Amino acid sequence: MTPRIVAAEEIASRLTFDRLIPAIAQGFRDFYKGHAKVAAITNIDLPDVNGEMHIKPGYMAGGDHVCVKIATCYYDNPGKGLPTRDGVIVLASRTNGRIEAILCDAGLITDMRTAAASAVAVDTLAPAGPLSLGLVGAGTQAYWHAKAISHVRSLSKIIVWGRHPDRVQAAVDRIRRETSLPVESGNLERVAGCEVVVTATPARSPVLTDETLRPGALVVTMGADAVGKRELGAGIMRQAASIVADSIDQCRRVGELQWLAADGPKPRVTELGAVLAGADSARRSPNDVIVFDSTGLAFQDVVGASLALTTT
């Protein structure tokens, strides 16, 4: 059997947040119950070219496929007129191991499933009602997070901050053009004061350090996905009443949890799947600040790739 080759254009025509977000939510429930299987991430840094590669294998116990994803991130590429991300997902039959499809998605499934996971967290953990959204980082994930979160909540305003004013303006223009959402640029303090704050950077030292978070705020951090990466400083973590991880074990290795101090007061730690399954709660008080530590789980790639192969 010759594997099916699927291009990014075909994937883009089939993969929508209307289908992906509820499937990712169910995936988190399955992961909590032990029905979604993931292996340890393999990461390799290429510091001489400011790049990195991630390899993630996994499968759903009740699904048809086992997959491995290879994703690259080269952070100087925008200055060369190239996309930051590229990638490919290989799907094999879970029952006989035959390679069924190779999805040359150019990182699209990774972008969308990452933002979909954040949208699930926002819908589950953020305060009720319309939300202000602060975006720390002006890369591709700023756009995808604005789009995904707007699928689950009404957004009263979006504020974007980044280190490069030209990239911030490009992100603002794209969000405004492709979503018609209310969006503007702003300083880090304004962004940190939103009800939902998303950090989406490749930082290796804290970007948010001691800014004052709004009572009841949700901070979604998805840039720390490898040993040594970090977006939140101790001053931010001290404001958190609880940390909700996509996977506690994985977040302790490569997420913000790797930086949790060994001494001093600690926030509660739970998993998003446990909250979705009703086995735990993250918010004990309306004023609790919650951090969602998102490192990206391979089952999300299986879910996204499987949806990209099917039509509604």
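Assess whether Cys73 counts as being hydrophobic (A, V, I, L, M, F, W, C), assigned to a strand (DSSP E or B) and in contact with a Phe, Trp or Tyr (Cβ under 8 Å, 6 or more places away or on another chain). Explain how you work it out, then say what you get.
Working: hydrophobic (A, V, I, L, M, F, W, C): yes; assigned to a strand (DSSP E or B): yes; in contact with a Phe, Trp or Tyr (Cβ under 8 Å, 6 or more places away or on another chain): no.
Spelling it out, it is not the case that Cys73 is hydrophobic (A, V, I, L, M, F, W, C), assigned to a strand (DSSP E or B) and in contact with a Phe, Trp or Tyr (Cβ under 8 Å, 6 or more places away or on another chain).
If I ask for residues that are surrounded by fewer than 17 Cβ atoms within 10 Å (Cβ to Cβ), in a loop (DSSP other than H, G, I, E, B) and either of a type in the set (Ser, Thr, Tyr) or modelled with pLDDT of 95 or more (or both), which ones from segment 182-231 would you list? Pro182, Asn187, Ser205, Thr209, Thr212, Pro215, listed by residue number.
Do we find a residue being β-branched (Val, Ile, Thr) and touching an Asp or Glu at 6+ places or on another chain (Cβ under 6 Å) anywhere in segment 63-72? Talk me through it step by step, then tell me what you get.
The first filter runs over segment 63-72 and keeps only residues β-branched (Val, Ile, Thr), leaving 66, 68, 70, 72.
Narrowing further to those that are touching an Asp or Glu at 6+ places or on another chain (Cβ under 6 Å): 72.
Looking for residues that are β-branched (Val, Ile, Thr) and touching an Asp or Glu at 6+ places or on another chain (Cβ under 6 Å), one finds at least one in segment 63-72, hence yes.
Return the pairs, sorted by first residue and then second, in which the second residue is of a type in the set (S, T, N, Q) and in a strand (DSSP E or B), the first residue lies in segment 67-93 and is in the same structural domain as Arg167 (by TED's automatic domain parsing) and crowded, with 18+ Cβ neighbours inside 10 Å, the beta carbons are less than 6 Å apart, and the residues are 6+ apart or on different chains. Correct list of pairs: empty, since none qualify.
Among the residues of segment 4-12, is there at least one that is of a type in the set (A, V, I, L, M), surrounded by 14 or more Cβ atoms within 10 Å (Cβ to Cβ) and closer than 23 Å to Leu276 by Cβ? Checked segment 4-12: no residue is of a type in the set (A, V, I, L, M), surrounded by 14 or more Cβ atoms within 10 Å (Cβ to Cβ) and closer than 23 Å to Leu276 by Cβ. For segment 123-138, how many residues are surrounded by fewer than 24 Cβ atoms within 10 Å (Cβ to Cβ), outside any strand (DSSP E or B) and either touching a Phe, Trp or Tyr at 6+ places or on another chain (Cβ under 7 Å) or on the phi < 0 side of the Ramachandran plot (or both)? Here the count works out to 7. For segment 238-258, the count of residues that are in contact (Cβ under 8 Å) with a residue 40 or more places away in the chain and of a type in the set (Asp, Glu) is at least one. When Ser294 is tested against (1) at pLDDT 90 or above; (2) among the small types (Gly, Ala, Ser); (3) over 30 Å from Val6 (Cα atoms), just one condition goes unmet, and that condition is (3). Tell me yes or no: at least one residue of segment 256-268 is at pLDDT 95 or above, part of a loop (DSSP other than H, G, I, E, B) and not aromatic (Phe, Trp, Tyr). No, segment 256-268 contains no residue that is at pLDDT 95 or above, part of a loop (DSSP other than H, G, I, E, B) and not aromatic (Phe, Trp, Tyr).
Can you tell me how many residues within segment 259-273 are small (Gly, Ala, Ser) and in contact (Cβ under 8 Å) with a residue 60 or more places away in the chain? Let's see the steps before the verdict.
Of the residues in segment 259-273, the ones small (Gly, Ala, Ser) are 261-262, 264, 273.
Checking the rest, the ones that are also in contact (Cβ under 8 Å) with a residue 60 or more places away in the chain come to 273.
The number of residues fulfilling the criteria is 1.
The values are calculated or read from the model by the stated rules, or taken from the named source; none is laboratory data. Small disclaimer: the values here were computed from a predicted structure and weren't measured. Cβ atoms come from the backbone with ideal geometry, glycine included; neighbour counts cover every protein chain shown.
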